[in-house]
Structure formats: C-alpha cells, structure tokens
C-alpha cells in the first residue's frame with residue numbers, strides 16, 4: 001500500500017507544481033496575442049428553442065442560414081424563400097410569418113410546396129420559430 005500512497009502524493013505534487021509554475025505574467029505576452037474577437041450575441045431563449053424547430057422542420061429546404069439553399073431547394077420550383085433577406089424581414093410581420101408557418105404556402109397564396117405545420121407544431125413552437133427567423137436577418 002505504501003507505493004500507491006507515494007504515487008498519489010507524487011501526482012498531487014506534480015499537478016500543484018504545474019498549476020503554479022506555468023502561470024504567465026500578465027503583461028509579458030499581451031502584445032503578441034491580440035484579444036479574441038467578441039463572440040456573436042447569444043440568442044434569446046425563444047430563438048434558441050425556435051432554432052431547434054427550424055433545424056428539424058425547415059432547414060432542409062430553407063438552408064442553415066435561411067438563405068433558401070437547403071438540401072432540397074434545388075429539387076423545388078419555385079426555390080424556397082430567402083428568409084434572411086432584409087426586405088422580406090421588413091415587409092412581413094410576426095403574424096404574417098406565423099400564419100405562413102401554420103397554414104403553409106398554399107394557405108397564404110404562395111407555393112403549395114411549403115407544407116402547413118399548424119397541426120404539427122404548437123403555438124409556442126411557432127412563436128419560438130418566428131423569434132429564430134427574426135435572428136436570421138442579414139444587415
């Protein structure tokens with residue numbers, strides 16, 4: 001049992017020395033390593049929930065960034081809408097987007113290729129999805 005205790009003490013000493021002995025001095029290398037760029041702002045809770053819904057139901061056609069270039073987009077005529085287009089985002093209210101999601105393309109006078117999700121998604125999921133769609137807006 002003595003060798004196991006000796007090994008444990010040795011390991012603890014090595015770890016402790018590594019934590020204290022390898023610390024960098026604050027100003028020494030600051031100029032060599034510029035600050036990392038600020039991370040993109042985190043999505044609000046509703047938008048994060050909507051992102052999961054989007055990835056499951058919408059991304060296949062509308063694409064990862066909502067630009068209408070999803071895996072199935074090239075098989076569809078007309079191609080899916082670019083949901084990140086600022087003009088589109090400005091022209092459509094949250095109610096318009098919710099209605100299109102709920103009733104599908106044909107239900108709002110657009111392409112029948114977009115299915116209605118009103119019987120699949122809850123009202124909360126649709127609201128979260130709209131919140132995520134608003135985060136797709138390009139500047």
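Of all residues in the stretch 92-107, none are assigned to a loop (DSSP other than H, G, I, E, B) and modelled with pLDDT under 95.
Looking across 32, 36, 47, one residue alone is part of a helix (DSSP H, G or I) and either touching a strand residue (DSSP E or B) at 6+ places or on another chain (Cβ under 9 Å) or at pLDDT below 95 (or both). It is 47.
Yes/no matrix, rows are residues, columns are (1) surrounded by fewer than 16 Cβ atoms within 10 Å (Cβ to Cβ); (2) free of Cβ contacts under 8 Å to residues at least 40 places away in the same chain:
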position: 55; (1), (2): yes, yes
position: 61; (1), (2): no, no
position: 68; (1), (2): no, yes
position: 72; (1), (2): yes, yes
position: 78; (1), (2): yes, yes
position: 84; (1), (2): no, no
position: 106; (1), (2): yes, yes
position: 110; (1), (2): yes, yes
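The values are calculated or read from the model by the stated rules, or taken from the named source; none is laboratory data. Treat the numbers as computed from the prediction; the structure is a model and nothing was measured. Heads up, the Cβs are rebuilt from the backbone with ideal geometry, glycines too, and the neighbour counts pull from every protein chain shown.
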